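The structure appears right after this line, and notes come after that.
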């Protein structure tokens, strides 16, 4: 689904997570999107996660729950505008710029917090965090691929964020 709603985690991903949960090193806190799939991911990883609304997926407005091809067929100009202009929100939801601002605000709240934080969230939120961390142009949002069950490691120091790694959670080299 191109514009997800609140789907549950599929059984194949649950199996992969169960196999990967032993790879998690010690964490000091775990935050989680309020979406069902994110909550199920935290449970599968045996993490005691606190729900954080700021980690919710992008608000796709009236496109939520729809396939990309359906939106393309019914609203081609609106979809093109949204993909080209990070300030656009033709779906009545959240623009990419608004998403990046929301995620940046959450990251800034984490600045100065000691220890290791894990955030279980969505590809769109991870892209937004990376754009913010590298001080990228919002147009670069669509140039970042985030596969399902990926890990992006960011480190913060005095208001400055750095992207350390991005890769699959389930690979043998994974260290969160």
**OP:** May I ask you to derive the relative contact order of the range 11-168, considering only C-alpha pairs under 8 Å and at least 6 residues apart, and to give it as an integer percent?
**Re:** 22 percent
Subject >> Sequence ranges 62-75, 90-103, ranked by mean other-Cβ count within 10 angstrom, highest first >> reply: 90-103, 62-75
Original post:
Is the range 88-176 rounded, prolate or oblate when judged by the Cα gyration tensor, a ≥ b ≥ c being the square roots of its eigenvalues, rounded requiring a/c under 1.5 and prolate requiring a/b larger than b/c?
Top reply: oblate
Original post:
Where a ≥ b ≥ c are the square roots of the eigenvalues of the C-alpha gyration tensor, would you call the range 11-168 rounded, which needs a/c under 1.5, or, failing that, prolate if a/b is larger than b/c, or oblate?
Top reply: oblate
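Every number here is computed from the coordinates shown, using simple stated rules; none is lab data. None of these values were measured; they are calculated from a predicted model. Neighbour counts run over all protein chains shown; Cβ positions are idealised from the backbone, glycine included.
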